[in-house]
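> What follows is a structure written as structure tokens; I'll ask about it next.
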Amino acid sequence: MTLRELAIRYGFLVLLFGLIAYFAVSADGFASPQSAVFIFQSVAITGILALGVTATLVVGGFDLSIGSVATSAMMAAAYVMVVLEQNAVVAVAACLLIGVIVGLINGFLIVYMRVPDLLATLGMMFLLVGLQRIPTEGRSIATGMTMPDGSVATGKFSANFLALGRHRFDFFIDNLLPASVVVLLVLALLIWFFLEYTRFGRMMYAVGSNPRAAELAGAPVKAYKIWAYVISGVFASIGGILLAARLGRGDIASGNNLLLDSVAAALIGFAVLGASKPNAFGTAIGALFVGVLLQGLTMMNAPYYTQDFVKGAVLVVALVFTFALSHRGKA
């Protein structure tokens, strides 16, 4: 194996472990269990949304609406429980329904209306950003708030619902592993197995690499593409559920960075083990990388306005590993 091949296959993992080692030495407390908890919590929601983006990347698409879907699901969960005074089951069902509906609309616009995926999902993003603000006239949702009609919202988040975002399992150390991380691990394993070892998943890769050939082989290309956006919408809504459960309120501004971090994680996944394609394992590693990076920068008191620059630089490096080096290796 040549040096270039080693760099393509293992370069990003070396970068990840080097980053962890650097922060462990340079940032006091970075190597502590408490720091690990913060990293796990930051990774969970970002990773889940990134896994949804991965499904659309597999079929040759892209979903820019995931952040707004997650925020809409969070606001819907808060509205159902705080304003409508319904239970957690109804709230979760409403959020998942939002994800399915948005995914179907995105898929319909892209597949049947032939709207480019970036434009369709960008339009959906703006639509949801505006729609989620209408019921409360742009205010966050919390118990005791005054509604636009003058009534007071007296409902509250159920304990079972809040446990989804706040409960921690014992893992070598008491209260170390957040429930949201368990959800991420389960979803990551499911989507990895689905994409790599099922006929449906392999056909999604075929659709993404050569839709015309897949169609000639008898694959229902349009259905596969629509299902990819439904998966993305459902994963984004699950992320919104966990975010609502963690915050215990419907915070209108809490999902601002979800899109950028999730897209970064999904694209970084291309570079993991030289995959050069969207894949669930790489996406999970990419989400971990983003979490480690942000936690380390925060603990080193790096100004908040430099974090996006550093994330962008890391993403560029990952894409160099993925495309420039690998293409030169094939030349």
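The values are calculated or read from the model by the stated rules, or taken from the named source; none is laboratory data. For clarity, every value in this text was computed on a predicted model and none was experimentally measured. Cβ sites come from the backbone with ideal geometry, for glycine too, and all protein chains shown count toward neighbours.
> Of the numbered conditions (1) surrounded by fewer than 20 Cβ atoms within 10 Å (Cβ to Cβ); (2) of a type in the set (A, V, I, L, M); (3) within 29 Å of Leu96 (Cβ to Cβ), Ala264 fails exactly one; give the number of that condition.
Answer for Ala264: the failing condition is (1).
> Enumerate the pairs (first residue in the range 158-177 and not assigned by TED's automatic domain parsing to the domain that holds Arg249; second residue anywhere and among the aromatic types (Phe, Trp, Tyr)) with beta-carbon separation below 9 Å, excluding pairs fewer than 6 apart on the same chain, so at least 6 apart or on different chains.
Taking only residues 6 or more apart or on different chains, the pairs are Asn175/Phe169; Leu176/Phe40; Leu176/Phe169; Leu177/Phe40; Leu177/Phe169; Leu177/Phe171.
> Among the listed residues Leu247, Leu297, identify the single one that is farther than 30 Å from Leu3 by Cα, surrounded by fewer than 24 Cβ atoms within 10 Å (Cβ to Cβ) and in the same structural domain as Ala313 (by TED's automatic domain parsing).
None of the other options fit; the residue is Leu297.
> Let me ask something additional. Go through Tyr224, Tyr205, Tyr305, Tyr229 for me and flag whichever is touching a Lys or Arg at 6+ places or on another chain (Cβ under 9 Å) and part of a helix (DSSP H, G or I).
Step by step, each of Tyr224, Tyr205, Tyr305, Tyr229 is checked, and only Tyr205 is touching a Lys or Arg at 6+ places or on another chain (Cβ under 9 Å) and part of a helix (DSSP H, G or I).
> For the range 165-204, give me the residue count where each residue is of a type in the set (Ser, Thr, Tyr) and touching a helix residue (DSSP H, G or I) at 6+ places or on another chain (Cβ under 6 Å).
1
> Among the residues of the range 278-331, which ones are among the aliphatic types (A, V, I, L, M) and at pLDDT 85 or above?
Ala280, Ala284, Ile285, Ala287, Leu288, Val290, Val292, Leu293, Leu294, Leu297, Met299, Met300
> What do you reckon, is Val115 within 17 Å of Ala244 (Cβ to Cβ) and either assigned to a helix (DSSP H, G or I) or free of Cβ contacts under 8 Å to residues at least 12 places away in the same chain (or both)?
For Val115, the condition - within 17 Å of Ala244 (Cβ to Cβ) and either assigned to a helix (DSSP H, G or I) or free of Cβ contacts under 8 Å to residues at least 12 places away in the same chain (or both) - is not met.
> Tell me, yes or no, whether the range 207-223 has at least one residue that is loosely packed, with under 13 Cβ neighbours inside 10 Å and touching a Pro at 6+ places or on another chain (Cβ under 9 Å).
No, because not a single residue in the range 207-223 is loosely packed, with under 13 Cβ neighbours inside 10 Å and touching a Pro at 6+ places or on another chain (Cβ under 9 Å).
> Does any residue of the range 49-65 turn out to be part of a helix (DSSP H, G or I), without any contact (Cβ under 8 Å) to a residue 24 or more places away in the chain and under 22 Å from the mean Cα position of the chain (by Cα)?
The answer is no; no qualifying residue exists.
> Would you point out which residue out of Leu190, Leu242 is surrounded by fewer than 13 Cβ atoms within 10 Å (Cβ to Cβ) and among the hydrophobic types (A, V, I, L, M, F, W, C)?
Just a single option satisfies the conditions, and that option is Leu190.
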